[in-house]
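One structure is given below, encoded as structure tokens.
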Amino acid sequence: MKYKDYTAEDLIKDENFQEWVFSPTDESNKFWIEFLVRYPGHRERIEEARQFLSAFNIRDKDVFESRIRNLKKRIDQSIDHPDPARADLSPVIETPKRPKFSVKMALFLAVTIGAGFSACYWYFKKDSAHSEKDKAVVATRTAATARGERMAIVMDDGSRIWLNAGTHLSYSGNFGTGSRSVDLDGEAYFEIAAHDKPFLIKTDGMIVSADTGAFRIKAYAADRKTESTLLRGSITISSETAAFDPVALKPGQGAGFVKNTRHITIHNVIAPQTTVGWVDGVLSFGDALLSDIVPVLERWYDVSIQISPDSSPDCRFTVKMDNQNIGEALETLKSSGGITYRMEGREIFIVDKLCHDQFIK
């Protein structure tokens, strides 16, 4: 694997790395996650190069390719042939919890963005004048996905986390050295690496603790229920407000915490792997209420779905949507439960009566 010998400067000049930073895909995310698992010592240089490139904030898809070509050309020129006369414009600033920029990289900033460098210089320098409160804020790291997006990340301890659509994950900058604790609003699949400290996931309703193992947590703040399913290993579920006594799950078990009643239930999951099928683009619903399916589809496809007053959100469906687009997903529901719908852009309206006698569960 050629990247094992790359420096941060090499990564910055690499077109595949640039495309991953500016326009990540499931395939590129998987590649770099596996690379970090195989070569954990490269984490710092990858993060250094990634944050350096991210400072350019290229978002316009219409000019993406040309911007990348121009950017690469300027990077090649400034790193391979730096201008000594500009060296005094780019001192190396090292601040806690931020990547350490090399002299070559600082020279590149001075050469390529000219007057704009002063803003970047201030951005990295200002931490030294911040209050302790500001530093605490800087130390918090976040990973988030918008509706219609997914993300996979590797934590400093080697644990891997997949974030479903509309999910927000936050954790301390000293994760792994201090504690292993994250805050989750959304849905995520965790594969926890062994460590001398427990891995804690704090959600709206419950706290999940694991030493190692694989499990899924669904904890959207807007949902009426927080859920967890254990695939392997062991986890302990507790309540920050002492709403229930701590419970331990075994592989193949799930837990559901209803927020308004503050009640938790433990149940066996027939096919626990299906609860994390979304990692591979597969949505599975088993005897699920339409009212529970709709928010999943809204987040997954970034659409708005309205159910007419004549329809019943209490209809139940057992369906599987394997890497389908929104039109195919709606047709799957139609063939399974007899729904009638119409689409107007990203607005979807489910109309007519549902739960015909032959479909009632």
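The values are calculated or read from the model by the stated rules, or taken from the named source; none is laboratory data. All figures in this text were calculated on a predicted structure; none of them were measured in a lab. Here Cβ is always computed from backbone atoms with ideal geometry, including for glycine, and neighbour counts include all displayed protein chains.
Computed quantities for the displayed model
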read-out: Residue pairs meeting the criteria (Cβ under 8 Å; at least 6 apart or on separate chains; first within 14 Å of residue 160 (Cβ to Cβ), in the stretch 18-32; second β-branched (Val, Ile, Thr)); value: 32/46
read-out: Filtered residue count, the stretch 241-276, keeping only those that are under 26 Å from residue 151 (Cβ atoms), touching a Lys or Arg at 6+ places or on another chain (Cβ under 9 Å) and loosely packed, with under 12 Cβ neighbours inside 10 Å; value: 0
read-out: Residue 201 being among the aliphatic types (A, V, I, L, M) and over 15 Å from residue 155 (Cα atoms); value: no
read-out: Residue count, the stretch 197-248 (criterion: under 20 Å from the mean Cα position of the chain (by Cα) and of a type in the set (Lys, Arg)); value: 3
read-out: Residue 306 vs. criteria polar (S, T, N, Q), within 29 Å of the chain's Cα centre (by Cα) and surrounded by 15 or more Cβ atoms within 10 Å (Cβ to Cβ); value: no
read-out: Selection within the stretch 253-295 - in contact with a helix residue (DSSP H, G or I) (Cβ under 9 Å, 6 or more places away or on another chain), aliphatic (A, V, I, L, M) and closer than 22 Å to residue 189 by Cβ; value: 269, 282, 283, 288, 293
read-out: The listed residue being touching a Pro at 6+ places or on another chain (Cβ under 8 Å), outside the structural domain of residue 294 (by TED's automatic domain parsing) and closer than 23 Å to residue 150 by Cβ, out of 221, 210; value: 210
read-out: Filtered residue count, the stretch 186-210, keeping only those that are touching a Leu at 6+ places or on another chain (Cβ under 8 Å) and within 12 Å of residue 227 (Cα to Cα); value: 6
read-out: Strands (runs of 3 or more DSSP E) completely within the stretch 224-307 that count 2 or more residues being of a type in the set (Lys, Arg); value: 225-238
read-out: Selection within the stretch 303-324 - within 24 Å of residue 30 (Cβ to Cβ) and either of a type in the set (A, V, I, L, M, F, W, C) or modelled with pLDDT of 95 or more (or both); value: 321
read-out: Residue 189, sole failed condition from (1) aromatic (Phe, Trp, Tyr); (2) outside any loop (DSSP other than H, G, I, E, B); (3) free of Cβ contacts under 8 Å to residues at least 40 places away in the same chain; value: (3)
read-out: Single residue of the stretch 160-186 satisfying the filter (outside any loop (DSSP other than H, G, I, E, B) and surrounded by fewer than 20 Cβ atoms within 10 Å (Cβ to Cβ)) that is nearest to the chain's Cα centre (by Cα); value: 168
read-out: Within the stretch 308-340, tally of residues that are part of a helix (DSSP H, G or I) and in contact with a helix residue (DSSP H, G or I) (Cβ under 7 Å, 6 or more places away or on another chain); value: 3
read-out: Long-range neighbours under 6 Å by Cβ, at least six apart or interchain, first residue farther than 14 Å from residue 260 by Cα within the stretch 217-228, second hydrophobic (A, V, I, L, M, F, W, C) and assigned to a loop (DSSP other than H, G, I, E, B); value: none
read-out: Tally, over the stretch 190-205, of residues that are closer than 21 Å to residue 251 by Cα and surrounded by 22 or more Cβ atoms within 10 Å (Cβ to Cβ); value: 5
